[in-house]
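One structure below.
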Amino acid sequence: MQEVRNRSAPIYKRIRDVTNNQEKHFYTFTNEHHKETYIEQEQGENANDRNDRAIRVAAKWYNEHLKRVAAGSQLQVILITNDRKNKEKAVQEGIPAFTCEEYVKSLTANPELVDRLACLSDEMNEIESGKIIFSEHLPLSKLQQGIKSGSYLQGTFRASRENYLEATVWIHGDKEEEKEILIQGLKHLNRAVHEDIVAVELLPRSQWVAPSSVVLDDEGQNEDDVEKDEERELLLKTAVSEKMLRPTGRVVGIIKRNWRPYCGMLSKSDIKESRRHLFTPADKRIPRIRIETRQASALEGRRIIVAIDGWPRNSRYPNGHFVKNLGDVGEKETETEVLLLEHDVPHQPFSQAVLSFLPRMPWSITEEDMKNREDLRHLCVCSVDPPGCTDIDDALHCRELSNGNLEVGVHIADVSHFIRPGNALDQESARRGTTVYLCEKRIDMVPELLSSNLCSLRSNVDRLAFSCIWEMNHNAEILKTRFTKSVINSKASLTYAEAQMRIDSAAMNDDITTSLRGLNQLAKILKKGRIEKGALTLSSPEIRFHMDSETHDPIDLQTKELRETNSMVEEFMLLANISVAKKIHEEFSEHALLRKHPAPPPSNYDVLVKAAKSKNLQIKTDTAKSLADSLDQAESPDFPYLNTLLRILATRCMMQAVYFCSGMDSDFHHYGLASPIYTHFTSPIRRYADIIVHRLLAVAIGADSTYPELTDKHKLSDICKNLNFRHKMAQYAQRASVAFHTQLFFKSKGIVSEEAYILFVRKNAIVVLIPKYGLEGTVFFEEKDKPKPRLAYDDEIPSLRIEGTVFHVFDKVKVKITLDSSNLQHQKIRMALVEPQIPGINIPPNVPDKDLNGPGGKKRKLDK
């Protein structure tokens, strides 16, 4: 156990978890603290040999001990070791010893366990096979010396999705110095895998290359295809101008492997009876993996998980072993599991240790709970959310005060009351970081008892809240702000549509409706003020699926419609977040958890400026205010959708908003909201950042006590790193879920032709948006085995001429949408041009592509 602990903390933790699980019947023998098994290190004996001897002594003693205490029983202690010398010595000393492989193969009742054996590369075989493909990885000591002296650089290896012979390495260093090095060709990639930390050697300038514009998938079945790879490498080396060349290097060693279990499919070997097969990961950045399995026929057409064990120098692919069968490809449960695993979304059921920290039911508010808390149950509070929402984070109220001013309150679920710092429930919530919303599934950050019940601000029940209350005049100017822990009783849980109907209905004048109208009036003024300051109103087409109630397949797909009430809730959430950000930063200038949105570099806007110019419109981008104003003015009476397209394009120019710790950064500004300071306070049920912010605010107003990690800026900074990673992965997982459901929709719908607008023009394709479905896709004009059309691309305008037809950004076209199922693992929506008519390019709107979905359909390769 101690040796494992020294080698790898995460593996040590996993072993501890397994041995502590009583259902597994593991026992740990503390041989180092037992008189008859403790041994001293002998002279000239190294620590490793001493540990091996200690384990042999313990095994021998335990066997003799069992003979004494369990006379007549068949119990026998065996030693499992993959160390050849250790095993030989054990056998000489009369201890039953086996290698892991020998032991697992002896378990004849469970033959499938053999597939799960790690594939160990035998150094001896490596030399005998003679054919060395890759150069040796340098030992860590040499790498560290080289990094220190500057002859090697350390960085993160990022494989390309579009070209398996290319990667970049992001060099670790100061922010200003962040640079990337291009790696091209199998031998230079030298067995590095996506996300590994590697050491690279910069090649001389004469050997620098340019990033390739060719799309290459690894389609080899055979490991002797290295010559083929070398031929394909020549394709990458096209003549380019000097300014296109990038710093280029080669991988000389691996500092840290970041392998994880990978989802994908088995590519069954063509050789009958073969036990060796290639596994193709779903993530195109991961190389194929060679595994041995006896159940290849059963695993064909299934999604499976495989782990990498090693990558010898004489092997074209890494070696690995089968871990788990997830189910049939294309099935909803299987594909959902795949996208959660591939985006590293923690989604296992909550463990007993975590659930043990939940309150006992039936739960009620006690006198103890009311300490440091105001009773606001008399207020006319209500919540407004999307339909079907069960995790209600926030509720609002508005009432007139005796002095004629208005009191407005934002009441947020008091999640930090139930999740106490440092316990298992807190650790698990921090690890998950966010709730993930998929098309038909929600992966909760906190257990359901809290998310949908005790913390959810449902109507007509008492709930604990954290309230932010303002006194405002009728011009929405804030006169006073106060924060308090509270108890509330919501009078109504409304949907956006129900709230809108109340506001609009002249017949309704009850307390709830009056409160909503007051809130709506103030929200309009607040929004106007924000926009005057330069806040951006951007646009992204959000998709909503209508599901069949029995099959749960999508039967209709439409873009979401936004109402005034959406905006009303949003304004007060923004205001609460800004008010809280100011308060916690005043109180804790060094360790407030804040959120910032960096201004994009000017070059990001090129595509937007050029696109607008092609429609004789001017977009100014020097400040957020000038961008917002010029977007407002960019209207075309005969093309009303143009403004939305410009806003969608502007969204693509933006940077990612991130969490950070105030003591570790000097730039707090939130570009999109035009606010000097911002945080997240209003959604603690579904974001861990908000729980930390609640704790900071509670300490600031004296409603709760602090704890060491809360005021440690390095710990907070680490929390922010994890939160930023989890939020990014949640976004990607949500997009993947929408993409999968879109495929299901078009699979059942057959061939569809729709109007579309061009968002981008490329060298050999146009990227279009279909407003009806909020769907984006690429129409390619160069296809394998078809005559190439005459293409002329102009980067300045930007435009693409095909034969005699010119395409500009925002042009209206008509496209045919089909589902390409020729590659089971990567099914995708294909788009083809219907209008305008171009000879040899167009496809009649209702004729299927024979070679796309036919039984002998071959996958077409497309150039980028």
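Quick test for you: out of S452, S456, pick the one residue that is part of a helix (DSSP H, G or I), at pLDDT below 95, out of contact with any Lys or Arg (no Cβ under 7 Å at 6 or more places or on another chain) and under 30 Å from P359 (Cβ atoms). Going through S452, S456 in turn, the sole match is S452. Among residues of the range 793-806 that are at pLDDT 75 or above, those with a Cβ under 6 angstrom from a residue that is of a type in the set (G, A, S), sequence gap 6+ or separate chain, pair up as I797/S614; R801/A792; V806/S799.
Counting just the residues of the range 11-37 that are open to solvent by less than 90 Å² (accessible area, probe 1.4 Å) and not in a loop (DSSP other than H, G, I, E, B), which one comes out nearest to R56 (Cα to Cα)? Going through the qualifying residues, I end up with N31. For the criterion of being more than 30 Å from A282 (Cβ to Cβ) and either of a type in the set (F, W, Y) or under 11 Å from the mean Cα position of the chain (by Cα) (or both), Y732 fails.
Selection within the range 38-53: residues that are in a loop (DSSP other than H, G, I, E, B) and under 18 Å from K87 (Cα atoms). The member of this set that is most open to solvent (accessible area, probe 1.4 Å) is N46. Only a single criterion out of (1) modelled with pLDDT under 90; (2) buried (at least 17 other Cβ atoms within 10 Å of the Cβ) is not satisfied by A159, namely (1). Candidates are the residues of the range 627-638 that are of a type outside the set (D, E, K, R) and without any contact (Cβ under 8 Å) to a residue 24 or more places away in the chain; the one that is surrounded by the fewest Cβ atoms within 10 Å (Cβ to Cβ) is P637.
Would you pick out the residues in the range 1-10 that are under 21 Å from A58 (Cα atoms) and either in a helix (DSSP H, G or I) or touching a Leu at 6+ places or on another chain (Cβ under 9 Å) (or both)?
Answer for the range 1-10, where residues must be under 21 Å from A58 (Cα atoms) and either in a helix (DSSP H, G or I) or touching a Leu at 6+ places or on another chain (Cβ under 9 Å) (or both): Q2, E3, V4, R5, N6.
Among residues of the range 602-616 that are closer than 17 Å to V761 by Cβ, those with a Cβ under 9 angstrom from a residue that is open to solvent by 50 Å² or more (accessible area, probe 1.4 Å) and part of a helix (DSSP H, G or I), sequence gap 6+ or separate chain, pair up as V607/R652; L608/R652. Suppose we keep only residues that are open to solvent by 50 Å² or more (accessible area, probe 1.4 Å) and closer than 12 Å to T99 by Cβ within the range 58-85. Which one would you say is nearest to the chain's Cα centre (by Cα)? Among them, the one singled out is N82. Within the range 650-670, at least one residue is in contact with a strand residue (DSSP E or B) (Cβ under 6 Å, 6 or more places away or on another chain) and part of a helix (DSSP H, G or I).
Of the residues that make up the range 384-401, is at least one more than 30 Å from L117 (Cβ to Cβ), hydroxyl-bearing (S, T, Y) and out of contact with any Gly (no Cβ under 8 Å at 6 or more places or on another chain)?
Taking the range 384-401 as the starting set, the residues that turn out to be more than 30 Å from L117 (Cβ to Cβ) are 384-401.
Restricting the remaining residues to those that are hydroxyl-bearing (S, T, Y) gives 390.
If we keep only those that are out of contact with any Gly (no Cβ under 8 Å at 6 or more places or on another chain) too, we end up with 390.
For the range 384-401, residues more than 30 Å from L117 (Cβ to Cβ), hydroxyl-bearing (S, T, Y) and out of contact with any Gly (no Cβ under 8 Å at 6 or more places or on another chain): present.
Among the residues of the range 623-646, none qualifies, meaning not one is among the charged types (D, E, K, R) and modelled with pLDDT of 85 or more. One residue stands out in the range 724-733 among those that are surrounded by fewer than 21 Cβ atoms within 10 Å (Cβ to Cβ) and among the hydrophobic types (A, V, I, L, M, F, W, C): the one that is farthest from I770 (Cα to Cα), namely F725. Among the residues making up the range 682-732, those that are in contact (Cβ under 8 Å) with a residue 24 or more places away in the chain and hydroxyl-bearing (S, T, Y) are T682, S683, Y688, Y707, T711, S717, Y732. Checking each residue in the range 491-522 for being β-branched (V, I, T) and open to solvent by less than 60 Å² (accessible area, probe 1.4 Å) picks out T495, I503, I512, T513.
What tally of residues in the range 413-437 results from selecting those that are assigned to a loop (DSSP other than H, G, I, E, B) and in contact with a His (Cβ under 9 Å, 6 or more places away or on another chain)? Give the derivation first.
Initially, the range 413-437 is screened for residues assigned to a loop (DSSP other than H, G, I, E, B), giving 414, 419-423, 433, 435.
Imposing the further condition that a residue be in contact with a His (Cβ under 9 Å, 6 or more places away or on another chain) reduces the set to 414, 433.
Summing the residues that are assigned to a loop (DSSP other than H, G, I, E, B) and in contact with a His (Cβ under 9 Å, 6 or more places away or on another chain) in the range 413-437 gives 2.
Could you look through the range 83-112, keep only residues that are part of a loop (DSSP other than H, G, I, E, B) and closer than 23 Å to R294 by Cα, and pick out the one that is modelled with the highest pLDDT?
Within the range 83-112, the first condition is being part of a loop (DSSP other than H, G, I, E, B), and the residues that meet it are 83, 93-96, 99, 107-110.
Okay, now just the ones that are also closer than 23 Å to R294 by Cα, so 99, 107-110.
On the way: T99: 90, L107: 86, T108: 81, A109: 82, N110: 79.
Per the criteria, the residue is T99.
Would the range 390-399 turn up any residue that is surrounded by fewer than 16 Cβ atoms within 10 Å (Cβ to Cβ) and within 30 Å of Q500 (Cβ to Cβ)? Outline the logic, then answer.
In the first step, residues of the range 390-399 are kept if they are surrounded by fewer than 16 Cβ atoms within 10 Å (Cβ to Cβ); the result is 390, 399.
In the following step, the residues that additionally are within 30 Å of Q500 (Cβ to Cβ) were identified as 390, 399.
So far as the range 390-399 goes, yes, one or more of its residues are surrounded by fewer than 16 Cβ atoms within 10 Å (Cβ to Cβ) and within 30 Å of Q500 (Cβ to Cβ).
Out of all the residues in the range 309-320, is one or more under 25 Å from R431 (Cβ atoms) and either open to solvent by 60 Å² or more (accessible area, probe 1.4 Å) or touching a residue at least 60 places away in the same chain (Cβ under 8 Å) (or both)? There is no residue in the range 309-320 that is under 25 Å from R431 (Cβ atoms) and either open to solvent by 60 Å² or more (accessible area, probe 1.4 Å) or touching a residue at least 60 places away in the same chain (Cβ under 8 Å) (or both).
Pairs are defined by a Cβ separation below 6 Å, a sequence spacing of at least 6 or placement on different chains, a first member in the range 368-391 that is assigned by the TED database to the domain that holds A698, and a second member that is at pLDDT 95 or above and loosely packed, with under 14 Cβ neighbours inside 10 Å; no pair meets this definition. Would you please name the residue that is modelled with the lowest pLDDT, looking only at residues in the range 812-845 that are closer than 30 Å to D328 by Cα and of a type in the set (A, V, I, L, M)? Step by step, filter the range 812-845, then rank; the result is L824.
The values are calculated or read from the model by the stated rules, or taken from the named source; none is laboratory data. Because the structure is a prediction, the values reported are computed rather than measured. All Cβ positions, glycine included, derive from the backbone under ideal geometry; neighbour counts span all protein chains shown. When the accessible area is computed, the model is the full protein with side chains, heavy atoms only, and any ligands, DNA or RNA have been set aside. Shrake-Rupley method; radii C 1.70, N 1.55, O 1.52, S 1.80 Å.
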